[in-house]
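The values are calculated or read from the model by the stated rules, or taken from the named source; none is laboratory data. What you see is a predicted model, and the numbers here were worked out from it, not measured in a lab. Reconstructed Cβ throughout: ideal geometry from the backbone, glycine too, with neighbour counts over all protein chains shown.
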Amino acid sequence: MDADKQDVRKPRISVFISIGKDLISLLRDGALFLLAVLLVVFPAKLNSMLIDAGFKEGSVAGFKWQSSLVNSNQALEEAQARISELQKVSNDQVKALAEARALLTDTELKQRITKLEKDNIAQKESTGFVQNAVAQTIKMNAPLIEKIQMPLNKSDYLVGLQTLGISDEERIAINAKLSSDGYGLDSITWSYPAGERPSWFAPRSTVFYYSASALPVAQGLARFMKAATKQNFVVQRGAGLGVDPNRRDVTFFVHFIKE
């Protein structure tokens, strides 16, 4: 008789352990689901919060964040793959819970398992919604990603030459050299007499750029200006207050001071 009672208790203990594991998995998957929602609904805000906190790049449970559009899109693709994995886990959990419920005679346990099944099914439906949203976001980002990754011609870069202590003729000649080398010319270009230095003018000959991706081009432009003028140029990121935000990666201003 006692042996029979022990045999009955063992399956119940196994069921309790199994239910506990399923509940932990459900909570874990819920946290991952919440992260997926944040990546889809508030990708820029999530990135901004993480970057402001000092995290330039990292991962949480397989999800990665980064500040650029390309890397953010990669994070969404990874999220989509992760969501597919979670859906499979969810399917397995629903099946396991149904099997466990069929073996139980304890009404309270059966009710708890039924609730877990319903919660799991609801989470599965919500996860499917998020996965569709992720797919749509990736699809919408595709043209932008293609544009970002498309190599630019030198003529796509606009150079605005500002000179100090140089005649208009000399400035025009330098612009002609820039154009001959393939650079585009910005409409903002001017020559200032040596005694009329504007307050915003750089203290020394400088090539200004306005986005991180434009740094290599700015460095190449500085080398070109050195070859054209026989003077050294420093490279500096500008504030870009008067630069079109959509063209910061292709706009450059050069301050040339005659030595």
Counted residues, the stretch 226-259 - those being more than 20 Å from SER211 (Cα to Cα) and either of a type in the set (Val, Ile, Thr) or not in a strand (DSSP E or B) (or both): 10
Residue ID - surrounded by the fewest Cβ atoms within 10 Å (Cβ to Cβ), chosen from residues in the stretch 221-247 that are over 17 Å from ASP186 (Cα atoms) and polar (S, T, N, Q): ASN232
Residue in the stretch 144-158 that is farther than 24 Å from LEU215 by Cβ and either modelled with pLDDT under 75 or over 37 Å from the mean Cα position of the chain (by Cα) (or both) present: no
The stretch 182-203: number of residues that are in contact with a strand residue (DSSP E or B) (Cβ under 8 Å, 6 or more places away or on another chain) and among the acidic types (Asp, Glu): 1
Residues satisfying the stated conditions in the stretch 241-256, i.e. modelled with pLDDT under 95 and under 21 Å from ARG197 (Cβ atoms): LEU241, GLY242
Qualifying residue in the stretch 237-256 (condition: more than 14 Å from THR163 (Cβ to Cβ), within 32 Å of the chain's Cα centre (by Cα) and of a type in the set (Phe, Trp, Tyr)): yes
